[in-house]
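Structure first, commentary second.
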Amino acid sequence: MSTVDSTTEKSNGAPEGDVADEMSALGIDASESKFSLELSDDQRDIQEWVHGFAEQTVRPAAHEWDEKEEFPWPIVQEAAKIGLYGFEAIAQFWADESGLTFPIVNEELFWGDAGIGMSIFGTTLAVAGIYSAGTPDQMVEWVPQCFGTPDDPKVGAFCASEPDAGSDVSALRTTAKYDEGKDEWVLNGQKAWATNGGIASVHVVIASVDRELGARGHAAFVIPPGTKGCEQGAKVKKHGIRASHTADVHLDDCRIPGSCLLGGKEKLDEKLARAREGKSSKGQAAMRTFELSRPTVGAQAVGIARAAYEYSLEYAKERETWGRKIIENQSIAFTLADMKMEIDAARLLVWRAAWMGRTGQDFNNAEGSMSKLKAGEVAVWSTERAIQILGGNGYTREFPVERMHRDAKIYTIFEGTSEIQRLVISRAISGMQIK
Ligand SMILES: Cc1cc2nc3c(=O)[nH]c(=O)nc-3n(C[C@H](O)[C@H](O)[C@H](O)COP(=O)(O)OP(=O)(O)OC[C@H]3O[C@@H](n4cnc5c(N)ncnc54)[C@H](O)[C@@H]3O)c2cc1C
């Protein structure tokens with residue numbers, strides 16, 4: 001898939017032909033231009049490779065796993081075998097200096113199917129948790145264990161939300177108490193809606209070490225595979241992404257070694273001391289972590305929206321009423337034009353935020369949140385419009401746009417609801433505590 005029309009550009013992104021002549025007449029050396037939206041050869045190769053997997057392996061399996069509402073282990077195994085699922089692959093995608101490869105990979109995979117896509121990439125939530133809070137040694141120890149091996153793939157889970165603490169994570173009640181004699185942490189509480197919760201080999205858990213400090217008293221822990229006291233609770237029956245496993249996780253006197261505190265005890269003690277003295281927090285760092293991860297989630301939503309757009313475009317070109325193709329009616333054609341425009345706009349916001357994150361720019365206007373907000377809402381709107389274009393067929397489970405619409409809805413809820421994204425953006429642009 002080519003997302004950018006490159007007919008007027010050389011492979012290095014410089015224009016050719018009439019455009020180049022005009023620029024030259026103005027004394028502009030186009031080959032000096034650093035700005036380009038053209039993908040590199042590497043990015044295109046990865047895009048085509050993931051697209052092939054999404055088209056040949058993921059999409060044909062989508063309906064079956066959605067109906068079964070079970071975790072698609074055989075597909076995750078296939079992804080591991082071809083090297084798409086594993087820490088080396090994630091490291092390679094992250095290494096891209098432009099920041100675009102990871103969103104591109106996510107868009108293609110979720111174009112195939114979002115439920116299976118989340119089953120394959122839900123682990124990256126746990127990896128992001130380890131990456132943002134862990135020491136280099138902890139990353140080396142735990143990230144590979146989140147993925148397992150190509151012959152025996154595993155998954156990771158990130159558990160922050162609780163029944164009474166979703167948007168408001170500061171309200172979480174899970175506690176972690178330090179047993180100094182044994183150098184162990186003891187965790188107690190209930191986590192809710194955890195992607196891969198209970199089936200993961202590694203769980204990353206956010207718990208409170210000092211309730212009085214609210215969010216500043218939180219710490220992140222790794223629960224090693226097979227730890228006693230960490231059990232799956234009820235599996236959640238969902239509206240969409242039904243192949244992805246979502247469940248409560250119960251922590252009952254769950255004892256883990258002291259070394260499982262991400263970042264280490266010394267760093268935690270310093271953080272708590274600063275908070276108790278009322279000194280400024282590193283809230284900016286936490287916000288930056290969200291801004292970095294949100295474009296990836298946005299890219300997944302773009303993938304779903306594009307899948308629904310492409311399907312409904314083809315359908316509208318085939319389906320006839322009153323002796324003509326339905327696309328010949330402006331109302332249908334204009335809807336498709338708007339869908340294409342909105343999806344491209346969402347992708348550009350995603351790419352901008354991904355590029356900003358990778359190149360160390362400040363998210364002064366919460367550009368990461370903007371990208372996720374726009375992409376999530378475009379996905380919900382486009383998939384709903386796709387159902388409308390397919391009419392009665394669109395409403396049935398025999399056609400995929402109905403599933404895509406159910407899948408899209410989660411993108412206005414998890415990783416920060418649309419309201420929370422608007423809150424973050426409005427606070428960033430105003431500098432005020434908007435409530
Ligand atoms: C399928 C699925 C997978 C998930 N995976 C994970 C996971 O892997 N790990 C994890 O930790 N969590 C996960 N979650 C939880 C998810 O992140 C939360 O559901 C989400 O953050 C919303 O929290 P809530 O459900 O408690 O809603 P609430 O916080 O109760 O919000 C309810 C409504 O009130 C609005 N609202 C709340 N506060 C404000 C405010 N201040 N201003 C304006 N509006 C407000 C919200 O936008 C929303 O519309 C998952 C959830 C689902 C459904």
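Cα centroid separation, the stretch 65-102 to the stretch 145-210: 22 Å.
What do you get for the angle between helix 101-112 and the principal long axis of the chain? Use alpha-carbon atoms, 0 to 90 degrees, nearest ten. For helix 101-112, the angle is close to 70 degrees. Restricting the trypsin sites (Lys or Arg not before Pro) of the stretch 159-204 to loop positions (DSSP other than H, G, I, E, B) with no more than 15 neighbouring Cβ atoms within 10 Å leaves Arg173, Lys182. Looking at the stretch 201-271, the trypsin sites (Lys or Arg not before Pro) that sit in a DSSP loop and have at most 10 other Cβ atoms within 10 Å of their own Cβ are Lys228, Lys237. Global dimensions of the chain from alpha-carbon coordinates: Rg and Dmax equal 23.1, 82 Å. Compute the signed sum of charges (Lys and Arg +1, Asp and Glu -1) over the other residues within less than 14 Å, Cβ to Cβ, of Gly368. With Lys, Arg at +1 and Asp, Glu at -1, the neighbours total +4. Accessible surface for the stretch 83-128, divided over its residues, is 24 Å² per residue with a 1.4 Å probe. Free of any chymotrypsin sites (Phe, Trp or Tyr not before Pro) that DSSP assigns to a loop and that have at most 15 other C-beta atoms within 10 Å, the longest stretch within the chain is 36-321.
To test your reading of the geometry: what angle, between 0 and 90 degrees and rounded to tens, separates the Cα axis of helix 41-53 from the longest principal axis of the chain? Its long axis makes an angle of about 80 degrees. Note on the chain: with charges restricted to the Cβ of Lys and Arg (+1) and Asp and Glu (-1), its dipole about the Cα centre is near 1640 debye.
Ellipticity at 222 nm from helices only: DSSP H runs of n ≥ 4 in the chain, each -39500 (n - 2.57), divided by the residue count, give -16500 deg cm²/dmol. The GluC sites (Glu not before Pro) of the stretch 108-206 that DSSP puts in a loop, and whose beta carbon has at most 11 other beta carbons within 10 Å, are Glu180. With contacts defined as alpha carbon pairs under 8 Å and 6 or more residues apart, what's the relative contact order of the stretch 246-334 in percent? Dividing the mean separation by the residue count of the stretch 246-334 yields 9 percent.
The values are calculated or read from the model by the stated rules, or taken from the named source; none is laboratory data. Predicted model only: the values in this text are computed from it and were never measured. Every residue, glycine among them, receives a Cβ derived from its backbone with ideal geometry; neighbour counts consider all protein chains shown. Protein only, heavy atoms only, side chains kept; ligands, DNA and RNA dropped before computing areas. Shrake-Rupley method; radii C 1.70, N 1.55, O 1.52, S 1.80 Å.
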